[in-house]
Amino acid sequence: MKKLIFIAVLIFSSLCAYSEKIALFEIAVYDNEGKNVQTLKRVGSDIEKKLSDMWFDNRLSFETVSREKSGLVVSTFDALRVCRINDIQYAVYGYVKKTDVNYFAEIKIYDAASEKILYTVFESDDLKNYDRLINGISEKIAVYFIDMLEIKTEKQLEEEKHPLQFDLPFSLNYWAPLDDEWSKVLLGVIGVNAGIDFYPEFNVLIRNNRKIDFNFRFELGYKFGMGNPSYYSAFYHSVSAFAPAIMNWHLNDRNCLSFGFGPLYQFTTAQIEKKYEEPASFMQNEAGLGALFSYNYKLNEKWKLSFELEGDLYFTDKSFFVIKPKIGAVWNFYKKNRVLSTAMEENNAE
């Protein structure tokens, strides 16, 4: 149980840190006389809401830092001080001036690492078009970060094709039968698995600001179990094959959740030595269905860590339902070069 809790915490921590966070300090709003305009305190929250609705390929998120936590930020000295205290790299701050006829905004994007203002947004609009003012400020902030981080738009991603790809997944697992009768017989079962993942070429899907792709897996496994000495001596061996179709939901470039479902086959042998009886051997062919849920963390272009939960249901009278937690890795050994292949297609067309 402690190991499962540790893994859950590790996964949760990874998910929470999946994107670059940009701090939004309170935007000061004042009139011609330099007095605060209390009715426009929502400027910062409106900008955050607008930015949160925009597409950043899940690589960027914006979070407002309260006035109580940051104090009034009006200079690079203030921004650097607050960024260092709160461990912030990028911050947005500035002011909006409201005159008798219009709004004028000056918003700065600050980098605490270089201690420099990276970009200044200037925007103005008449008093009847507050929403258009917020849209203009937000879009200019978004365009800057999109260009800086080279984030592709939804349209660009949807026009792309997932390249032809082959991966090699392998994992270890340990589990115990859930069936009461089998749990008396077996102490537990350890297993190893290895397979191949095939990703065909297809257009990338975008749903709820998340990229989705699909792959097909063929996996072989071997399992070994020992009998419970308090019941009787036994040894359990099995060889299995699992062929799920898998949907991958990418939270960002590194974190991915996968769901799979498909047929499975298992050949099982068991040797049982009951007291006062002759040793007996049993063999059984089992077919069934398996479901897979996994979390993958991408280390680099070649390697991913995987944490999986597989459920197996066999269509035999004497079999048992199995839930197998698995930990492993995935190695990419082939990925078609889309740049090269596109150039070749253009040359062939000419």
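A few comments on the model shown:
- Shown for region 57-103: the carbon plus sulfur share of the solvent-accessible area, taken with all protein chains present and a 1.4 angstrom probe, equals 48%.
- Solvent-accessible area per residue for region 35-74 (1.4 angstrom probe, square angstrom): 59 Å²
- For the cross-link pairs Lys211/Lys304; Lys21/Lys336; Lys304/Lys336; Lys211/Lys336; Lys50/Lys97, the ones whose C-alpha atoms lie over 23 Å apart are Lys21/Lys336.
- For region 216-340, the solvent-accessible area with a 1.4 angstrom probe is 56 square angstrom per residue.
- Here the peptides 244-250, 290-296 are ranked by packing, the mean other Cβ count within 10 Å, and the order with the highest first is 290-296, 244-250.
- With a cut-off of 14 Å between beta carbons, the residues surrounding Lys98 carry a summed charge of -2, where Lys and Arg count +1 and Asp and Glu -1.
- When the GluC sites (Glu not before Pro) in region 80-155 are filtered for DSSP coil states and for at most 16 other beta-carbon atoms within 10 Å of their beta-carbon, the remaining sites are Glu115, Glu150.
The values are calculated or read from the model by the stated rules, or taken from the named source; none is laboratory data. These numbers come from a predicted model, not from an experiment. Please note: Cβ atoms are built from the backbone with ideal geometry, for glycine as well, and neighbour counts cover all protein chains shown. With ligands, DNA and RNA removed, areas are computed over all heavy atoms of the protein, side chains included. Shrake-Rupley method; radii C 1.70, N 1.55, O 1.52, S 1.80 Å.
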